[in-house]
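Data first, discussion second: the structure below is written as structure tokens.
The values are calculated or read from the model by the stated rules, or taken from the named source; none is laboratory data. Source: prediction; values computed, not measured. Here the Cβ positions follow ideal geometry from the backbone for every residue, glycine too, while neighbour counts run over all protein chains shown. Surface accessibility is based on the protein's heavy atoms, side chains included, excluding ligands, DNA and RNA. Shrake-Rupley method; radii C 1.70, N 1.55, O 1.52, S 1.80 Å.
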Amino acid sequence: MTTILKALGGGLLRVFTSPLIVAAAVAAMLLVTVPFAAVLGSELQEALSNQQPISRDAGEIDPEWWFEYLEHARGLGATFTPSIIGFAAPLGNISAMLDGVESPRLVMLFPYLLAMAVWSFLWGAALERFAHGSTRSGFIRAGTTTFVRFFIISLIAAVVLVLLYVSIHPLLFGILAPNLEGSAATERTAFMLRVVVYLIFGAVLMLLSLTADYARVSIVTGPAVSAIDALREGARFVRRHFGSAVTLYVLTGLLFVALLVTYGAVEIYGGSRVMGWRGIAIAQAYIVARLVIRLTFGASEVLLYRALSGRVN
Amino acid sequence: VSGRIQQLRASMLLAGVLMTAAASQPALDGAEAWARAVRAASLDPAIASRVERFVDGVEAHTIAHQIEGQPSLEIISIAAPATAQSLAAAAGQSADRLAAWLGPLPGNRVTIVDVPAQAGLAGAAYPGIAITSSRLLTTRREFAAERALTVAMARQYALALARAPQTDAWFAEGFGEYFATRAVHESFEGRYYLTLRHFGGYVPHSIRAIAMSPNPLDPRPRVARLRDVAPPAGASRRVAPDGGIDRAGRLTMALHTLERFVGWPAFQATLRAFVERSAGKTMALQDFNAVLSEQRGTDMSWFFAQALRTDASLDYAVVNLASAAAADARWTTIVDVRRLGEATFDGTAVPRATLTSRSLPVLVRFADGSEITEWLDGRDREWRFEYSSASPAVLASVDPGAMLLIDADRTNNTRTLNPQLHIVGLRLAFNWLAWLQDAMLTGTAVL
């Protein structure tokens, strides 16, 4: 347990002492999302201008307009649902991922691929820094050296993820969960049973994530050369050090849960004081914190891998 | 507004008094009360059995609810002690509101049942039975159980229209959805915020920025199709479970349109007269049309003939707005309006060849604030308006008051020139930016 806690603490420390990596992640996320937002923003301005001129000076959001807009929206506009507002965004995204109810629309395929590419680069630079400090190679060089291999790892993981969604997910959430919930006498029991099903699916996702994570770590720390070798090494490490790898993952995941709880509490108890522009600033602060936690996953896994496999290069 | 608040307070006080009276009455067995309700409603055994297992061992209470000038309404509440009182109060308030609009609740007796949400019956209504679900997790702005109960109470009036077997049950379904939507908006005005449910529907989150039932003085239309009002296709709780969903939906929108066309006070009088005349009879569209035409003093069959067409859409659009500087320091403006669908908003039952109607307004606004309103005969296909003015046009809109909710696409009803920046739109775009960042991080979290 000491090794795991050391890895987590050390990982957090390395992220906090690498402000340039965090800044690069924030900038990269803005860089890939702002063009999409500009397109959607322009569509929204046009749609709002072309509203029927009935009390159009009212400042608040008109749900009737929103639903009418959504009914005719195509492309990115179709993703402009009320769940984009504030805390509803992370809640809706995680829920959609677990429930699989809102299968990624075709229009989201490109942003997802873009995110995979950006993170393939960012992970290269970040893991190099977390593993070797800033002395071995520069940010750009570190990112480009491992980019192709990291992108292949992400692509293979994406294929496995799709397979999980067309095989295990329908069994769990299309057959098992409805039957379990239907047999429950109270909503509390039904909810608990659904949580159990979430845990089962979540565990499968975690195994996939751990394998991909340690595959990347094994490339940066040395032993693996190709992406396939790295995935084999990642799977081998997770199998051999299952308890430690899972515990570290869960502990780091708890940081994310704490972040979500904080965000939710701020929005629920902040009331009208955290709406409007303040709400947008809070949402961006949440994204920065989420990026810090994501980087902590990588940093702590580098330290755990080193500690348990005895590799120092 | 203060009158409304006083009315609400009075209702709550009355409900409180009645609850106190009810508390002193001996409790009934829930299963027995349910069996009695099932017999009275001649409810399908398959549906009855879905509720049966949840009412076993639950207490039932009978409450006599007094509505001024009307016979006493008997409310039998089958619910856990923690929720029984609030649900009975909500049922009483719904009954008051609906009775004021439409007359006494059919049958003068309603059994309200609180079942767990996974039964999938919240909002279901059968003759004399209203079903709701108190949620395990809820928010202060959701009112899930109370809204479902309001929906089920409002649908009692529609059930009375369709009690005898009939082929056009879609008609009652359409009325049910209209009554329920209106009742929800009125009952939860200013209190009900959009609440999304996540994680299989168990975790709610209310969005404070989106008030679903705004003040009725706001001239903008209210959301006409609430998700929890229209049951899914094939649901046993639909009045017309076997079909007619499209037509029912169209009728609901047509009724909302009529409300905006004739105004609520006149439309409410029509609805009340129709419900009163329907007592003991099976009603159909022609019966409602007869009452409406009588109340309006003109044949209204033209409206339903077009509004309920399933083979054509009704869609008016401003297809062109251009304003150019002319030689004499004035501006020349051209506005083109077109009917894109085959359905029409006639405005009269008299044939086009005999009479030109003024069924739809077109508003043109200029930069100096001046406005011109033209009237169209909705049966024509295209219209062009040309103006010479001191300032350029900034906006043209067909049906500017958003009366025609049956218009298939209201996003093309208006065109603007050189529009101002909308701060709300900017804020929403920034919200979407954060959503996209989060979606990218979540979507690639395990990759």
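For this structure, a couple of remarks:
- Qualifying residue in the range A:234-241 (condition: touching a Ser or Thr at 6+ places or on another chain (Cβ under 8 Å), among the small types (Gly, Ala, Ser) and open to solvent by 30 Å² or more (accessible area, probe 1.4 Å)): yes
- Hits in the range A:168-184 (condition: assigned to a helix (DSSP H, G or I) and either under 20 Å from residue B:53 (Cβ atoms) or within 11 Å of chain B (Cβ to nearest Cβ) (or both)): A:173, A:177, A:178, A:179, A:180, A:181, A:182, A:183
- Among (1) away from chain A (no Cβ under 14 Å); (2) closer than 21 Å to residue B:221 by Cα; (3) out of contact with any helix residue (DSSP H, G or I) (no Cβ under 8 Å at 6 or more places or on another chain); (4) not polar (S, T, N, Q), the one test that residue B:360 misses: (1)
Let's see how each residue does on (1) more than 7 Å from chain B (Cβ to nearest Cβ); (2) buried (at least 23 other Cβ atoms within 10 Å of the Cβ):
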| residue | (1), (2) |
| --- | --- |
| A:61 | no, no |
| A:72 | no, no |
| A:84 | no, yes |
| A:115 | no, yes |
| A:126 | yes, yes |
| A:145 | yes, no |
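- Residue A:199 being assigned to a helix (DSSP H, G or I) and either within 14 Å of residue A:97 (Cβ to Cβ) or within 17 Å of the chain's Cα centre (by Cα) (or both): no
- Near pairs, Cβ below 7 angstrom, 6+ apart or cross-chain, from the range B:418-435 (more than 21 Å from residue A:88 (Cα to Cα) and open to solvent by 60 Å² or more (accessible area, probe 1.4 Å)) to any residue that is assigned to a helix (DSSP H, G or I) and among the hydroxyl-bearing types (Ser, Thr, Tyr): B:419/A:49
- Listed by first and then second residue, the pairs linking a residue in the range B:211-231 that is of a type in the set (Ser, Thr, Tyr) to a residue that is in a loop (DSSP other than H, G, I, E, B), with Cβ atoms under 9 Å apart and 6 or more places separating them unless they lie on different chains, are B:213/B:188; B:213/B:189; B:213/B:190; B:213/B:191; B:213/B:192; B:213/B:222; B:213/B:223.
- So residue A:120, is it touching a strand residue (DSSP E or B) at 6+ places or on another chain (Cβ under 8 Å), modelled with pLDDT of 95 or more and in a helix (DSSP H, G or I): no
- Qualifying positions in the range A:185-196 - surrounded by fewer than 18 Cβ atoms within 10 Å (Cβ to Cβ), within 9 Å of chain B (Cβ to nearest Cβ) and of a type in the set (A, V, I, L, M, F, W, C): A:185, A:195
- Annotation: of all residues in the range B:212-251 being within 13 Å of chain A (Cβ to nearest Cβ) and more than 15 Å from the chain's Cα centre (by Cα), the one that is modelled with the highest pLDDT is B:219.
- Output for the range B:191-205, where each listed residue is touching a residue at least 24 places away in the same chain (Cβ under 8 Å) and either touching a helix residue (DSSP H, G or I) at 6+ places or on another chain (Cβ under 9 Å) or within 7 Å of chain A (Cβ to nearest Cβ) (or both): B:192, B:195, B:201, B:202, B:203, B:204, B:205
- Spans of helices (runs of 4 or more DSSP H) in the range B:28-104 with at least 2 residues farther than 20 Å from residue B:148 by Cα: B:30-41, B:45-55
- Looking only at the range B:273-327, and only at residues there that are of a type in the set (Ser, Thr, Tyr) and assigned to a helix (DSSP H, G or I), the one that is most open to solvent (accessible area, probe 1.4 Å): B:301
- Scanning the range A:79-95 for residues that are in contact (Cβ under 8 Å) with a residue 12 or more places away in the chain and among the polar types (S, T, N, Q) yields a total of 1.
Per-residue answers, yes or no, for (1) surrounded by fewer than 17 Cβ atoms within 10 Å (Cβ to Cβ); (2) among the basic types (Lys, Arg); (3) touching a Gly at 6+ places or on another chain (Cβ under 8 Å); (4) closer than 30 Å to residue A:309 by Cα:
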site: A:10; (1), (2), (3), (4): no, no, no, yes
site: A:13; (1), (2), (3), (4): yes, no, no, yes
site: A:23; (1), (2), (3), (4): yes, no, no, no
site: A:44; (1), (2), (3), (4): no, no, yes, no
site: A:50; (1), (2), (3), (4): no, no, no, no
site: A:87; (1), (2), (3), (4): no, no, yes, no
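- Enumeration of residues in the range B:385-415 that are closer than 30 Å to residue A:111 by Cβ and not in a loop (DSSP other than H, G, I, E, B): B:410, B:411, B:412
Yes/no per residue for (1) at pLDDT 95 or above; (2) more than 28 Å from residue A:2 (Cα to Cα); (3) within 13 Å of another protein chain (Cβ to nearest Cβ); (4) surrounded by fewer than 17 Cβ atoms within 10 Å (Cβ to Cβ):
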{"residue": "A:217", "(1), (2), (3), (4)": "yes, no, no, no"}
{"residue": "A:245", "(1), (2), (3), (4)": "yes, no, no, no"}
{"residue": "A:248", "(1), (2), (3), (4)": "yes, no, no, no"}
{"residue": "A:256", "(1), (2), (3), (4)": "yes, no, yes, no"}
{"residue": "A:261", "(1), (2), (3), (4)": "yes, no, yes, yes"}
{"residue": "A:270", "(1), (2), (3), (4)": "no, yes, yes, yes"}
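- Members of the range B:401-417 that are open to solvent by 10 Å² or more (accessible area, probe 1.4 Å) and more than 7 Å from chain A (Cβ to nearest Cβ): B:403, B:405, B:406, B:408, B:412, B:417
- Close contacts from the range B:133-146, counting a first residue that is farther than 20 Å from residue A:184 by Cα and a second that is part of a helix (DSSP H, G or I), with Cβ to Cβ under 6 Å and a gap of 6+ residues or different chains, come to B:146/B:90.
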